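The values are calculated or read from the model by the stated rules, or taken from the named source; none is laboratory data. It should be emphasised that the depicted structure is a prediction, and the values quoted were computed from it without experimental measurement. Please note: Cβ atoms are built from the backbone with ideal geometry, for glycine as well, and neighbour counts cover all protein chains shown. The accessibility values were calculated without ligands, DNA or RNA, using every heavy atom of the protein model including side chains. Shrake-Rupley method; radii C 1.70, N 1.55, O 1.52, S 1.80 Å.
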Amino acid sequence: MTAPTSARPGAPNAHHPTLRPDDPADQRTRAQVHPPDWVNPAPASGYHLVVIGAGTGGLVTAAAAAGLGARVALVERSLMGGDCLNVGCVPSKSVIRAARAWHEARAAAGRFGGPRTAGDGDFAAAMGRLREVRAGFAPIDGAPRFAGLGVDVFLGQARFVAPDAVEVDGDRGRARLHFRRAVVAAGARAAVPDVPGLAGSPYYTNETIFSLDRRPAHLVVLGGGPIGCELAQAFARLGTRVTVLDRGARLLAREEPDASAVVERAMARDGVDVWHGAELRRVEARGGMSSVLHVRRDGAEHAVEADALLVAVGRAPNVDGLGLAAAGVAHDPVRGVTVDDRLRTSNPRVYAVGDVCSPPGSPHKFTHAADFQARLVVQNALFFGRGRASALVTPWVTYTSPEVARVGLTEAEAREQGVAVDVVTVELADVDRAVIDGEAEGFCRVLLARGTDRIVGCTLVGAHAGETIGEVTLAMTAKVGLAAIGRTMHPYPTQAEALRKAADQWRRRKLTPRVRRLFGAYFRALR
């Protein structure tokens, strides 16, 4: 088993611990996203745009600006592709897919009369596939491709030295980049709580756990949010005993309570043991990979032995070491870089996108949100655009089984914001395709502005929730109501029919007693 993190996650690290030096796929990835022999170009006399950080937000910004003819410099201190390619979307969903395949193989006989399986799976092979998938995507985000797009790619630590200049400390020297505009897209890292003994004990975050090649016997997951739930369930399905320590009263606390309940029941069936109201008080290293976690729960102290500890308690913006003060860019260690609704910082030359900042109206931090924020920044910074981050309609998905997908408000958020709503709920047990597939646990809930069909929020819980939420997001973006979804022919049988059924339910509600009487009078007149 690869050694986990014990130093501060997210700190500059030339060794890139997420990429295994003994793995051919990881070395193909590194050859693209941080080539060992890369030579930084001679800087131009000035740039229309300097982009700090080559995650999704930075890559989209740089590619779009260069494609329009701007002189662009892109600076990355670690791995191009950022979280999404290296330690986030791509590896996590690869592990989740492997776990789902293992689960379906075990369940095939009992559910569908399929062949019976025996024995264990090959954990190392599943993790090896993850690394192969990542290596296949790496050229898309790699330094050679972006250089070919006309972007000056600098590998090294960037820091502002003036309101209009950035210095880059590379492996072979220092370069100063003067800019007309700059974009901070430095991303975020796994947040690590200040718990006695934790810093001196071995632990994983999402930045290091995908380097595993041997399955831990007992994985303890600290945190009951999306990352914690996704990986807890995946590792349980891959044969690991998993315990989740959650400080709150329910998992996925930002989602609808009954969505949390569906997910927790599913995780329990997969063998995940969830401790709610659990406070980690102290960590005691036991040598090698093991540690003892001292946990307070229900007024009692418990000692939990772990073969591996995954810390998944949130994200912290990467604002350290960027010299933001020298550029007059306001920021704080929790919310990150301060931006206005047009993603401009307190320095009018400098913008920010993605996880390093918290734009007004931004519900969470997602790869797809960074992508769309980057498109706004190119317009606003280079072309005097006035695009607003708060105008973006942002969906998100937690990739558990079943998935939880949401866009807009929950019922609790609507109450808090004083938004009067009508609620339409369709159980997946009433959707034929969900029943046919044996995936009937879940629901579709649509929140409508009171007395209208205008959608202000939607939560989908189901096996294909993430694939379905886009239809609602389109409706909200285009200001199309639920009635229009109901008028749209959906193929039968599909799980997306839940949305059409929600529209039918809403339409039936409009058939009030008074309307029924009017219809009755009309039809009596036709006799």
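Per-structure values
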read-out	value
In sequence order, calculated HN-Hα J values of the range 326-340 (Karplus, 6.51, -1.76, 1.60; Hz; x Gly/Pro)	5, 9, x, 9, 6, 6, 8, x, 9, 8, x, 6, 7, 10, 8
Where N is the number of residues in the range 200-330, Cα Rg divided by 2.2 N^0.38 Å	1.17
Using distinct alpha-carbon pairs, which all enter the 1/r mean, Kirkwood radius of the range 259-310 in Å	12.5
Length gained when the stretch ALA118-ASP194 is fully extended (0.36 nm per residue, less Cα-Cα span)	23.0 nm
Along principal axes, Cα extents of the range 285-391, largest first, whole Å	58, 31, 27
Relative pair counts by distance (%), Cα atoms of the range 151-214, 10 Å bins	15, 31, 24, 25, 5
Shape metrics for the range 342-422, restricted to C-alpha atoms - Rg then Dmax, Å	15.0, 44
Alpha carbon convex hull of the range 486-527, volume per residue in cubic angstrom	88
Binned Cα-Cα distance frequencies in the range 118-275 - 10 Å width, integer %	8, 25, 26, 22, 16, 3, 0
Accessible area of the range 378-527 divided out per residue, in Å², using a probe of 1.4 angstrom	53
Kirkwood-Stokes translational diffusion coefficient of the range 400-458, alpha-carbon pairs, 20 °C, 1.002 mPa s, µm²/s	172
Largest-first ellipsoid semi-axes for the chain, taking √(5λ) over the Cα gyration tensor eigenvalues, angstrom	40, 33, 21
Helical contribution to [θ] at 222 nm, DSSP H n ≥ 4, -39,500 (n - 2.57), averaged over the chain, rounded to 500	-10000 deg cm²/dmol
The chain: DSSP helices with Cα axial extent of at least 15 Å and average Kyte-Doolittle hydropathy no lower than 1.0	56-67
For the range 51-120, fraction of C-alpha pairs farther apart than 20 Å, in %	55
Estimated D of the range 181-244 in µm² per second, where Rh is the Kirkwood radius over Cα pairs and Stokes-Einstein applies at 37 °C, 0.692 mPa s	241
Positive-end residue of VAL244, ALA25, ALA64, charge dipole of the chain with Cβ unit charges	ALA64
Surface share of carbon and sulfur [accessible, 1.4 angstrom probe, percent] for the range 65-133	54
Candidate aspartates and glutamates - alpha carbon under 16 Å from LYS501, same-chain residues fewer than 8 apart omitted	ASP422, GLU427, ASP430, ASP432, ASP453, GLU471
For the range 396-527, radius of gyration divided by Kirkwood radius, i.e. Rg to Rh on alpha-carbons	1.04
Once the Cα gyration tensor of the range 32-84 is diagonalised, semi-axes √(5λ) in Å	18, 15, 8
Extension gain from ALA525 to ASP37, taking 0.36 nm per residue of separation minus the Cα-Cα distance	167.0 nm
Partnerless Cys - the chain, beta-carbon criterion under 4.7 Å	CYS229, CYS357, CYS444, CYS458
Backbone HN-Hα couplings from phi across the range 74-84 [Karplus 6.51/-1.76/1.60, Hz, Gly and Pro as x]	10, 10, 9, 8, 10, 10, 4, x, x, 4, 4
Net dipole in debye of the chain [+1 Lys, Arg Cβ; -1 Asp, Glu Cβ; about Cα centre; nearest 20]	1840
Amide proton proximity set for VAL350, modelled H, under 5 Å, gap of 5+	ALA182, THR345
Computed over the range 37-181, Cα set: Rg, Dmax in Å	21.2, 69
Summed side-chain charge close to PHE210 - residues other than PHE210 whose Cβ falls under 9 Å, Lys, Arg +1, Asp, Glu -1	+1
Neighbourhood net charge (12 Å Cβ-Cβ; Lys/Arg +1, Asp/Glu -1) for ARG335	0
Segment HIS218-HIS276, length gained on full extension (0.36 nm per residue, minus Cα span)	19.1 nm
Nonlocal amide H pairs with ARG281, under 5 Å, H built at 1.01 Å	HIS294, VAL295, ARG296
Carbon/sulfur fraction of accessible area - the range 346-449, other protein chains in place, 1.4 Å, %	51
For VAL51, residues with placed amide H under 5 Å, excluding near neighbours	ALA73, LEU74, VAL75, VAL183
Between the range 369-384 and the range 234-295, the alpha-carbon center distance in angstrom	38
